[in-house]
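Student: There's a structure below that I have some questions on.
The values are calculated or read from the model by the stated rules, or taken from the named source; none is laboratory data. Everything numeric in this text was worked out from a predicted model, so none of it was measured. Positions of Cβ are generated from backbone atoms using ideal geometry, with glycine treated the same way; all protein chains shown enter the neighbour counts. Keep in mind that these areas ignore ligands, DNA and RNA; they rest on the heavy atoms of the full protein, side chains included. Shrake-Rupley method; radii C 1.70, N 1.55, O 1.52, S 1.80 Å.
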Amino acid sequence: MTPETTNRMKAEPMNAVGEVTSSAEPSYDDHLEMLVRYFEEAEAGTRRARELSERDRDYHDNFDDNQWTAAEKAALRKRGQPITTSNHIKRKIATLKGAEMRTRTDPKAFPRNPQDEESAEVATMALRFIGDQNNYNSLRSKVYENMLVEGTGGIDVIAEPAPNGKKRVKFIRVPWDRLGADPHSAAEDFSDAKYRFIVIWRDANKDDQDACGQTLRGAIYGDTYDDRPKTQWVDSRRKRVRVVQMQYLHDGKWMIATFTKGGFLEGPMVSPYLDRDGNPTYSLIMRSAYVDRENNRFGACRDWISTQDVINKRESKGMHLLNSRQTFGNQTALKDTAAAKVQLAKPDGHVELNGGAKFGEDFGVIPTADMARGNFEMQQRAIQEMQASGPNAAMAGKAPGQQSGRALEAQMQAGAVEIEPLQDELRQFTRDVFEAAWLRARQFWTDETWVRVTDDERAVQFVGLNKPVTLEEKLAEIAEKQGPDAAQQIAMQEGIQSPYDPRLKQVVEIANQIGELDVDIEIEEGPDISTLQSEQFEALAGLAERGIPIPPDALVAASSLRNKDEILKKMRGEDEQNPQLMQAQQQIEQMGQQMQQMAQTIEQLKADRSIKAAEAETKQFAAETDRLQAVAPAMGPAEIQMLVVNTMREIMGQPLQ
């Protein structure tokens, strides 16, 4: 979690959905001493394990020949012998990383109830969108390397503000040497840890008035007379201060704080992130490859260190034996023994014996072929042991000799059995990360959100989350699923007779409301079968060449072409639009035409009614005129005027006088 995020959350207390509330968090300023003690306890309790993990990283990288100690390198240079290293560890780690890359799959959400199948599909698309947005595959490979070499890796899954004002789920990979946790934790996933933290270094000045400046002013740089090393909060060379972002359990609630030795940079607060039950939880997801009975964490690299040393030392010893000679002689045979040894080490060296000395009696070379042979055999045995443990050449498809695809596949699967525990730890880590991502999305994605999912090179699909659905869209959906008659019947029940009826724009439901979706997240990974697939394709192609009728689409299906699905659709005439979808679209169009015809009919009926009403009024006016003409001779002027006024008022619908 970034300092900006925690500072904003501290200043604006939020509820379960990230809305700012008016109530302030209680004060936890007395936690500083406890948190400092937690960190120093963790550093002291894991110091030896971390030193070994750093050694493992040096062996993997072998920068500046780090597989050799300074004393060993000095001895080789003095001898004039080159430092040679066959880095088998790095090859093995690369093979394991390659196997991880070949077995990558996307997360999948499974419904918890039979009626939630569509919801699970929406959740799957949302998770894949989050993974693509954060480039999770690349992050996972880096975390896996940390698990294999140093032993532990981690990702912080947070929600941060996006430029559009909404929240987005963010994955932040934390390097191994910046991670830490409760040293009493024994679980690979740190589920039993009371606290976990991230360490960063921040530049500071003694004149600063914040906690970093106070830490720098109170720092003690020397610990020469201490019987054990102390936790260093300050880097005296660059005037930097160690800052800890800790997530810890207090009174049954997960809390977060950012601090240094001198005080808080961001004070303690209840974690803004919630678990499935609505309780505060941590955001830092961590995993280890192995944990011993002393709770020390280490990776696969640890088992290969001693074997790698044997290979290096035996190779160096063999080179030294080839360049050296063991001799015997008496004092009268040589003038200078050291100079003679130098000459014996040269391909064109020359040794001059004193007068009267006999080679083989007064001076001679002791055969060391048996020593060289024994050294070589021990080196080969170490190489075989290195190749036999963990990932091997067969697993990487580099087995010697020509073998069939089925044989190579069998050997690769056999080699994969030994590394399956590591792969399973990585799968569980991936599941934990996407579980946290799903919880963040459920909590913070409260507005309408669109996600893009790309299934292949061309197919791009957009899915709306928390999407308002109007009555018009709902009727179109019913028409597509149940037919236009069902949609028309519902429209008539609602009294909708015109496609311009404003009620069609009213929101009737919220589709894919992510806060109400409840799914299980699984990660499925399978072995790579490209070698076996190639063999099957070659077998089918061979049969076709011999005249055996093999359908062309069967050959394409057995091939490894990237876009073979599209080719198969075109070959089978399936690249047309789905007939059911076309029928549904036609039904929707017919429904629209019917509604337009209905509207025209209604307008025509209204017009006909107006004409008929006008004709009736005209006839009524004519009849009244005839009546007035008939009675007018017997009436006076005032009576005639009153009769005309009342007649007009009656026609116009006004009260009579």
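Student: Need one value: the accessible area of ASP106 in square angstrom, 1.4 angstrom probe, rounded to the nearest 10.
Tutor: So the heavy atoms of ASP106 present about 80 Å² to solvent.
Student: If you place +1 on the Cβ of every Lys and Arg, -1 on the Cβ of every Asp and Glu, and leave all else neutral, what size is the dipole of segment 288-369 about its Cα centre, to the nearest 20 Debye? Walk me through the intermediate numbers first.
Tutor: Values: 11 positive and 10 negative charges, 28 e Å.
It works out to roughly 140 debye.
Student: Given a 1.4 Å probe and the protein chains all in place, what does the accessible area of VAL417 round to, in Å² to the nearest 10?
Tutor: For VAL417, solvent-accessible area is about 100 Å².
Student: Can you sort ARG47, ARG242 by 1.4 Å-probe accessible area, starting with the largest?
Tutor: On the way: ARG47 60, ARG242 30 Å².
Largest to smallest exposure gives the sequence ARG47, ARG242.
Student: Still on this structure, I have one more. Which residues among segment 123-151 fall inside the zone where the amide N is under 19 Å from a point 7 Å beyond the Cα of ALA94, along Cα→Cβ?
Tutor: Those under the cut-off are 141-150.
Student: Right, another one. List the residues whose amide H sits under 5 Å from the amide H of GLY154, counting only those 5 or more places along or on another chain, with H placed 1.01 Å from N in the peptide plane.
Tutor: So GLY154 has HN proximity to VAL174.
Student: Compute the length gained on full extension between ASP303 and GLU40: take 0.36 nm times their separation in residues and subtract their Cα-Cα distance, giving the result in nm to one decimal.
Tutor: Working: separation 263, 0.36 × 263 = 94.68 nm, distance 2.90 nm.
Between ASP303 and GLU40, full extension yields 91.8 nm more.
Student: Say a paramagnetic label sat at a point 7 Å from the Cα of ASP30, along Cα to Cβ; which residues of segment 246-280 have their backbone N under 12 Å from it?
Tutor: Residues passing the 12 Å test: none.
Student: If you don't mind, there's one more thing I want to ask. Mind listing the long-range amide H neighbours of THR327? Cut-off is under 5 Å, sequence gap 5 or more, other chains count too, H placed in the peptide plane at 1.01 Å from N.
Tutor: Here ILE366 satisfy the definition.
Student: Quick check: residue separation of GLU516 and GLU294 times 0.36 nm, minus the Cα distance between them. What number comes out in nm?
Tutor: Working: separation 222, 0.36 × 222 = 79.92 nm, distance 4.31 nm.
Using 0.36 nm per residue and subtracting the Cα-Cα distance, I get 75.6 nm.
Student: Might you work out the accessible area of ARG48 for me, using a 1.4 Å probe with all protein chains in place, and round it to the nearest 10 Å²?
Tutor: 150
Student: Whole number please: convex hull volume per residue of the Cα set in segment 274-313, in Å³?
Tutor: Values: hull volume 4.0 nm³, N = 40.
Per residue, the Cα convex hull of segment 274-313 comes to 100 Å³.
Student: Given a Förster distance of 30 Å, report the FRET efficiency between GLU352 and SER324 from their Cβ-Cβ distance, rounded to the nearest 0.05. Numbers along the way, then the final one.
Tutor: Details: r = 20 Å, r/R0 = 0.66.
Working from the Cβ atoms, E equals 0.90.
Student: With +1 assigned to the C-beta of every Lys and Arg and -1 to the C-beta of every Asp and Glu, and no other charges, what is the dipole magnitude of segment 94-171 about the Cα centre in debye, to the nearest 20? Could the numbers behind the result be given before it?
Tutor: Working: 12 positive and 11 negative charges, 41 e Å.
The calculated dipole for segment 94-171 is roughly 200 debye.
Student: To continue, here is another question. Only four residue types carry charge here, +1 at the Cβ of Lys and Arg and -1 at the Cβ of Asp and Glu. Report the dipole size of segment 237-338 about the Cα centre in Debye, rounded to the nearest 20.
Tutor: Values: 17 positive and 10 negative charges, 123 e Å.
With only Lys, Arg, Asp and Glu charged at Cβ, the dipole is about 600 debye.
Student: Just name one of GLN497, ASN512, ALA486: the one whose Cα is farthest towards the positive end of the charge dipole of segment 477-522 (beta-carbon charges, Lys/Arg +1, Asp/Glu -1).
Tutor: Checked the options; the winner is GLN497.
Student: Accessible area per residue, 1.4 Å probe, Å², for segment 304-370: what's the number? Before the final figure, lay out each step's value.
Tutor: Working: 4280 Å² over 67 residues.
Value returned for segment 304-370: 64 Å² of accessible area per residue.
Student: Quickly work out the LYS569-to-ALA338 label distance, labels modelled 7 Å from Cα along the C-beta direction, and quote it in nm with one decimal.
Tutor: With each label point 7 Å from Cα toward Cβ, the separation is 8.3 nm.
Student: Of GLU43, GLU448, which has the most accessible area with a 1.4 Å probe, and how do the rest follow in descending order? Intermediate values should be presented prior to the final figure.
Tutor: On the way: GLU43 40, GLU448 70 Å².
So, going from the largest accessible area down, we get GLU448, GLU43.
Student: When the solvent-accessible surface of protein heavy atoms is calculated with a 1.4 angstrom probe, in what order do GLU545, GLU352, GLU477, GLU435 fall, highest first?
Tutor: On the way: GLU545 160, GLU352 130, GLU477 60, GLU435 30 Å².
From most exposed to least exposed: GLU545, GLU352, GLU477, GLU435.
Student: If you average over every viewing direction, what projected area does the convex hull of the Cα atoms of segment 283-365 give, in nm²?
Tutor: Values: hull surface 42.6 nm².
Projected over every direction and averaged, the Cα hull of segment 283-365 covers 10.6 nm².
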